[in-house]
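What follows is a single structure, written as structure tokens, with notes after it.
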Amino acid sequence: MGVLNVTPDSFSDGGKFFDSASAIEQALSMVNNGAGIIDIGGESTRPGASAVSVSDELNRVIPVIEALKGEIDVPISIDTSKPEVMEQAVASGASIINDVNALRAKGAIEMAAKLKVDVCLMHMQGNPRTMQNNPSYVDVVEDIKRFFKERIKECERAGIELSSITLDPGFGFGKNLGHNVALLKNLSEFHEFGVSILAGLSRKSMIGALLGDRDVDSRMIGSVTAALIAVENGADIIRVHDVAETNDALKVWQQIKNFRE
Ligand code: 7PJ
């Protein structure tokens with residue numbers, strides 16, 4: 001899954017792809033480099049980010065989805081928590097809802113059920129504004145499993161089938177470095193729900209921390225390494241900014257793994 005942020009303030013590439021023309025160029029390049037999904041987001045969810053209105057979010061993402069629709073042959077996912085944005089994005093050509101709020105916003109679960117598209121339910125403790133203020137868990141893996149169990153139950157009650165759900169532990173969303181590392185090491189545990197697992201580690205602060213306070217522009221190799229570990233530990237989908245580099249690493253890893261002497 002290649003990340004396409006159409007926001008002026010995303011932490012890693014904010015502003016770079018804000019106009020539709022460059023967003024389209026970036027999406028095409030990610031597809032050519034092997035992306036199997038393009039994830040479009042119009043609201044930055046980085047720690048401390050401010051909220052975006054429905055109309056601003058729509059104005060950012062809809063023209064890009066419309067322009068991409070006929071140009072790329074991979075699914076488009078919409079990174080949003082707002083039911084109104086889900087509805088218009090799907091009407092414009094998106095076929096996956098990627099919600100960092102796991103369909104907890106008012107009306108979101110009903111909207112996703114009505115639209116009958118695949119959904120990614122991500123775990124977040126707190127909200128983007130405050131989530132990094134002392135996140136705490138009894139047992140991060142078990143606590144998030146309990147959250148997923150509850151959300152899956154709610155989804156099924158609303159008419160969303162298990163087979164259309166993907167789960168994501170939400171690296172960096174209300175987690176300290178220890179929580180993030182524990183989740184990555186134990187990622188395969190989330191397979192107990194029998195659905196796909198998505199991991200988003202690309203350029204996140206945990207990579208910066210593991211590299212000794214490395215700034216966001218110099219986290220590519222660290223991110224590729226973490227992506228590879230996620231796949232080794234059972235991730236089915238990885239959400240990345242650096243599609244070509246991640247794809248190279250996965251190709252080498254996979255061929256060596258499958259090599260028969
Ligand atoms: C994630 C996301 C993630 C899913 C963002 C960033 C911050 N969606 N949207 N998983 N992160 N499913 O790009 O680092 O980790 S926005």
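Taking the conditions (1) closer than 17 Å to residue 121 by Cα; (2) touching a Leu at 6+ places or on another chain (Cβ under 7 Å) in turn, residue 157 satisfies each one other than (2).
In segment 49-64, which residues are hydrophobic (A, V, I, L, M, F, W, C) and either over 10 Å from residue 88 (Cα atoms) or in contact (Cβ under 8 Å) with a residue 60 or more places away in the chain (or both)?
Within segment 49-64, 49, 51, 52, 54, 64 qualify.
So in segment 25-49, with the set limited to residues that are more than 14 Å from the ligand (Cβ to nearest atom) and part of a loop (DSSP other than H, G, I, E, B), which one is farthest from residue 99 (Cα to Cα)? Only one residue tops the list, namely 33.
Yes or no, residue by residue, for (1) among the hydroxyl-bearing types (Ser, Thr, Tyr); (2) under 25 Å from residue 44 (Cα atoms):
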site: 158; (1), (2): no, no
site: 195; (1), (2): no, no
site: 206; (1), (2): no, yes
site: 223; (1), (2): yes, yes
site: 242; (1), (2): no, yes
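Considering only residues in segment 86-100 that are within 14 Å of the ligand (Cβ to nearest atom) and β-branched (Val, Ile, Thr), the one that is nearest to residue 169 (Cα to Cα) turns out to be 100.
Only one of the numbered conditions (1) under 21 Å from residue 153 (Cα atoms); (2) more than 16 Å from the ligand (Cβ to nearest atom) is violated by residue 195, and that is (2). The requirement of being more than 22 Å from residue 202 (Cβ to Cβ), modelled with pLDDT of 95 or more and either in contact with a Ser or Thr (Cβ under 9 Å, 6 or more places away or on another chain) or among the hydrophobic types (A, V, I, L, M, F, W, C) (or both) is not satisfied by residue 94.
As a summary of the residue check, residue 162 satisfies the conditions (1) touching a helix residue (DSSP H, G or I) at 6+ places or on another chain (Cβ under 9 Å); (2) at pLDDT 95 or above; (3) within 15 Å of the ligand (Cβ to nearest atom) except for the one numbered (3). Scanning segment 51-73 for residues that are part of a helix (DSSP H, G or I) and among the aliphatic types (A, V, I, L, M) gives 54, 58, 61, 62, 64, 65, 67, 68. Entry remark, segment 119-153: residues being surrounded by fewer than 13 Cβ atoms within 10 Å (Cβ to Cβ) and either within 13 Å of the ligand (Cβ to nearest atom) or among the acidic types (Asp, Glu) (or both) number 3 in total. Taking segment 74-117 as the range and being in contact with an Asp or Glu (Cβ under 7 Å, 6 or more places away or on another chain), in a helix (DSSP H, G or I), in contact (Cβ under 8 Å) with a residue 40 or more places away in the chain and over 16 Å from residue 43 (Cβ atoms) as the test, only 109 passes.
The values are calculated or read from the model by the stated rules, or taken from the named source; none is laboratory data. Every value quoted in this text rests on a predicted model; they were computed, and no experiment measured them. So basically every Cβ, Gly included, is an ideal-geometry build from the backbone, and we count neighbours across all protein chains shown.
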